[in-house]
């Protein structure tokens, strides 16, 4: 009977396509908005992702997320180096400095100052130049998105000429030389990122009593980094996090204190409502249209459990097709735009499962109404003309 | 064709109803559709139920076919009483023993003619492919054009659709076939052909047929005609055959 159930479903082309379109749209909207949300959220801790080497981040106890910079005294680095289980510890500067462009306008840049000796915390991938080139006088490395975009020079015909190695830049009234172009994970603020040495960055930065943003450290081999973090907390009174914990802290900060979740949830809810309304209503209408035939099958000896399975199968089939199309379109959209724009799109398998659950919920809700109608159907209806 | 004066005594009793009642609604809105119906139908017999609209014909065949529960009286079909059976047992009994022919044919529009005919076999548990093969055979028996077996019902004429419906009612070899106005949507000639087909196949298979109709042109195909009025059987007649084509030529048997 299940083959016939599918023929009944597919045979009614208009409704079949209507249900599929509704579910595809719902699946597309839910997947796309969730993936953008996940992408945006993953950018909030992109700096932590890029600085892969250290397994301990030490910050002021009041820091709530990665960009919440509360500077420390430089001497804290030495204190942390003295904690048992710390293999090495280096300073890291992170701050916003203004770059003056050719046309006289200013562009805020995220400036990262790396430990002068080790250059730990540098960009994950160099496109031109080397990280060690930062040792050259007034050398900086610029991220490629910034170099091509907000820091690009103005050409004669209004074209944008990307910043390249050898170009100069004015950073907070200091002339610097571009010694490399790097590739980094896109940032939440979407500002250009400039890498330089710690000593140079603190020279460029407006003068304050304390300028050390983070101390990044590594636990000695065989030491549990969580345990070392605890020791640092006890010994220095500072907060020490593993990268995973710091990402979590950042993620939940943005989740709790920004309007992002509610904005994205609204869009996801819209997709869900559209799915329920269009697909649910169309599926229910499809069942109503076929009520006479369900009644005929019932009169001819089809049990309620078989009819239930037939309707469930119809719902699951349209659900699977709508889900597949929606997720496929969302993925294609993400793949198409990710390489060309700065769109944040991150589609982990968990999101696919959540979308699948949402689409199945829509289908089963629609099916539940139809099933109720068919279960209550008196087979005697077949004799009414 | 010769008609027996009373239910053929040497044949098995297919349906026996005594004092069957059925009321729809409650209180002031209650409507008593059946007010104590007594009826007996034997195998090998084609009984027609006739009477004005609203007299209870359809309600009575619904009760006999097990698609509607009666309120009172007794009614057994091949010695099975639906009141003593569960809903599921009744459904299975219908699937095994009863064939249906409907006024509006009720063919599923998205299935082919052969697939429509195969549904009772699939409901009984047969695999689809052999069921469709048997369905094609049955379609040939009812004189259905072989080239049209894969056609959708909407591509068929009324007469062709009714042939498909008859094939569907017969394919699983039921013991009782109930027909609701099988010729009302057909022209006179097609109606006659359909009735000839039903009568031939029913008698050949030694099963009972109950036909609800308003169509006086087909009375001649009945063995007996039970006339209903206000929820009761008011008379049983045998039609004059073969020339008689209306109820005025029928002979009252009992009332």
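The numbers here are math on the coordinates, done by the rules we state, and not lab data. All figures in this text were calculated on a predicted structure; none of them were measured in a lab. Please note: Cβ atoms are built from the backbone with ideal geometry, for glycine as well, and neighbour counts cover all protein chains shown.
Here the contact order of region B:150-243, divided by its residue count and restricted to Cα pairs under 8 Å and six or more residues apart, works out to 23 percent. The length gained on full extension between residue A:88 and residue A:262, counted as 0.36 nm times the residue separation minus their Cα-Cα distance, comes to 58.5 nm. The order of B:71, A:115, going from fewest to most other C-beta atoms within 10 Å of their C-beta, is B:71, A:115. Rounded to the nearest 0.05, the FRET efficiency derived from the C-beta distance between residue A:273 and residue A:252 at R0 = 35 Å is 0.80.
Centre-to-centre separation between the Cα atoms of region A:211-245 and those of region A:47-67: 10 Å.
When the Cα gyration tensor is reduced to axis lengths a ≥ b ≥ c, the ratio a/c is 1.5 or higher for region B:78-219, and with a/b not above b/c it is classed as oblate. Ordering A:16, A:3 by the number of other Cβ atoms within 10 Å of each residue's own Cβ, fewest first, gives A:3, A:16. Net length available on complete extension from residue B:146 to residue B:18 is 41.6 nm, with 0.36 nm assigned per residue and the Cα-Cα distance removed. Protection proxy ranking, highest mean first, for peptides B:76-82, B:167-173: B:167-173, B:76-82, where packing is the per-residue count of other beta-carbon atoms within 10 Å, averaged. Extension gain for residue A:137 to residue A:53 (0.36 nm times residue separation, less C-alpha to C-alpha distance): 27.7 nm. Each peptide in A:19-32, A:140-153 receives the mean, over its residues, of other Cβ atoms within 10 Å, and ordering these scores from highest gives A:19-32, A:140-153. I'd like the distance between the alpha-carbon centres of region A:85-116 and region A:178-207, rounded to an integer number of Å. Cα centroid of region A:85-116 versus Cα centroid of region A:178-207: 4 Å apart.
Rounded to the nearest 0.05, what FRET efficiency is calculated for residue A:75 and residue A:354 with R0 set to 45 Å and r the Cβ-Cβ distance? Between residue A:75 and residue A:354 the formula returns 0.40. Exposure proxy ranking for A:128, A:279, based on other Cβ atoms within 10 angstrom of each Cβ and starting from the fewest, stands as A:128, A:279. Between residue A:125 and residue A:174, what FRET efficiency comes out of the Förster formula 1/(1 + (r/R0)^6) with R0 = 25 Å and r the beta carbon distance, rounded to 0.05? Computed FRET efficiency for residue A:174 and residue A:125 comes out at 0.45. Cα centroid separation, region A:1-43 to region B:165-225: 47 Å.
In the protein assembly as shown, the DSSP beta bridges split such that about 70 percent are antiparallel, to the nearest 5. Take each residue of peptide A:300-313, count the partner chain Cβ atoms within 10 Å of its Cβ, and average: the result is 4. Only helices enter this figure: runs of n ≥ 4 DSSP H residues, each worth -39500 (n - 2.57), summed and divided by the residues of the protein assembly as shown, yield -13000 deg cm²/dmol at 222 nm to the nearest 500. Relative contact order of chain B: 26 percent, from C-alpha pairs under 8 Å at least 6 residues apart in sequence. Within 10 Å of the Cβ of each residue in B:84-92, the mean number of Cβ atoms contributed by other protein chains is 2. With each label modelled as a point 7 angstrom along the Cα→C-beta vector, the residue B:11-residue A:336 pair spans 7.0 nm. Does region A:56-241 come out rounded, prolate or oblate, given a ≥ b ≥ c as the square roots of the eigenvalues of its C-alpha gyration tensor, rounded meaning a/c under 1.5 and, failing that, prolate meaning a/b above b/c? The shape class here is prolate. For the segment A:375-383, counting C-beta atoms of other chains within 10 Å of every residue's C-beta and taking the mean gives 6. Normalising the average separation of contacting C-alpha pairs (under 8 angstrom, six or more residues apart) by the number of residues puts the relative contact order of region A:56-241 at 36 percent. For the protein assembly as shown, the ratio of Cα radius of gyration to the globular rule of thumb 2.2 N^0.38 Å stands at 1.60.
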